[in-house]
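The values are calculated or read from the model by the stated rules, or taken from the named source; none is laboratory data. Keep in mind that what you see is a predicted model, and the values were worked out from it rather than measured. We place every Cβ from the backbone using ideal geometry, glycine too, and count neighbours over all the protein chains shown. These area figures cover heavy atoms from the full protein model, side chains too; ligands, DNA and RNA do not enter into them. Shrake-Rupley method; radii C 1.70, N 1.55, O 1.52, S 1.80 Å.
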Amino acid sequence: MPNEAISQGLINKHIHIDDIYDKLSDFFGPKEASTNFQRLLPSVYYDVQKVQKLYTSGKTKVAIVRVRGILMHPDVQMGFTFPGQKYDVDIAARCFRKISKDKTIKAVILDINTRGGSLEGSEYLGSAIEHCRKAGKFVVAVMGCVCASGGYWAAACCDKIVCGPRTITGSIGIIYARPSITDAMKNWRINWDQISHDKRGLQLFNSFVNRLTTEDKTLLAKYIDYGYNSFKEVVGKGRNMSLSMVEEVAQGRVFLGREAQKRGLVDHLGSRNTALHLIDNHLMAARLRLPRHTGDR
């Protein structure tokens, strides 16, 4: 866990990548940062897959960031644990990072459909959304058929959440699973030899041939508790709920959209058009207006 790594002197500080970019920009200055740092230009990020601008005319624009599939951190590969279509959250994070610097974009719609993903990927995407909001952008999450677990983590970081009445959402919790093929190897008379400096034999994450020891399970429990508590804190902060209130809807519970709204997990039932009206109302309060929009695009 980050706090333990800090106390052991392994790292200096727990910080998100967006905060690092800000500190580097403050140190070098915006002019030097734009030339020395490898950054995504507007002409490029508008063409990135699954990203589009909703409006192309007028001074006030809304961007759409589309997320589909299992949320995966670019540096963490867990394909066996999460079968199905994967989504590299760094794509969305780069877009949010650039949107936060674009003065013509005043709001963002997060069009998200996912059943979750890794803890690292969910936290990474949520951090990018929060950084975009700190830059003054109004972010609305529009859930698809499913937006659960890590998907809800990301949605909870937005200003508003919109979903359909039958959207499957919630699932606030952390789960860890790994197969054990020890008995199968015995049946096939396959032997396994392993040499490692780690007294636990590195069996915790990268070996399925050894059963988890009590020490392994204790370490995993710490990892799960850290992720679960972090998840609840994100939901509590984003939904203005106490941790005790979050606990009542957490522990992996799943809700349909209408029930989720009653429990305070989402704001409105609707679609992308609903999100546009929310954005329009927000910008009107800020003395800004969107170009006229019609239909549910």
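Length gain on complete extension for the stretch residue 233 to residue 248, per 0.36 nm per residue less the alpha carbon to alpha carbon distance? Walk me through the intermediate numbers first.
On the way: separation 15, 0.36 × 15 = 5.40 nm, distance 1.35 nm.
Gain on stretching residue 233 to residue 248: 4.1 nm.
Any idea what % of Cα-Cα pairs in the range 99-146 are farther than 18 Å?
35 percent
Report the charge-dipole magnitude of the range 126-195 in Debye, nearest 20, computed about the Cα centre from +1 at each Lys and Arg Cβ and -1 at each Asp and Glu Cβ.
My answer is approximately 140 debye.
Per the 1.4 Å probe, what fraction of the accessible area of the range 103-157, in percent, lies on carbon and sulfur atoms?
Carbon and sulfur: 51 percent of the exposed surface of the range 103-157.
Under a point spin-label approximation (7 Å from Cα along Cα-to-Cβ), what is the residue 68-residue 14 distance to one decimal in nm?
Modelled inter-label distance: 3.5 nm.
Taking the Cβ-Cβ separation of residue 6 and residue 134 as r and a Förster radius of 22 Å, what is the calculated FRET efficiency to the nearest 0.05?
That pair, residue 6 with residue 134, gives E of 0.40.
For residue 192 paired with residue 218, estimate the spin-label separation in nm (one decimal), with each label point 7 Å from Cα along the Cα-to-Cβ line.
2.3 nm
Pop a pseudo-label 7 angstrom from the Cα along the beta-carbon direction at both residue 184 and residue 103 and give the gap in nm to one decimal.
Placing both labels 7 Å along Cα→Cβ, they lie 5.9 nm apart.
Placing +1 at every Lys and Arg Cβ and -1 at every Asp and Glu Cβ, with all other atoms neutral, what dipole size does the range 109-156 have around its Cα centre, in debye to the nearest 20?
Working: 4 positive and 4 negative charges, 31 e Å.
Approximately 140 debye in magnitude.
From the backbone phi of the range 228-233, what are the Karplus-calculated ³J(HN,Hα) couplings (6.51 cos²θ - 1.76 cosθ + 1.60, θ = phi - 60°) in whole Hz, Gly and Pro given as x?
For the range 228-233, the Karplus curve yields 5, 5, 5, 4, 5, 5 Hz.
For a quick check: with amide H placed at 1.01 Å from N, whose amide H comes under 5 Å from residue 138's, ignoring anything fewer than 5 positions away on the same chain?
Those lying under 5 Å, H to H, from residue 138 are 107, 108.
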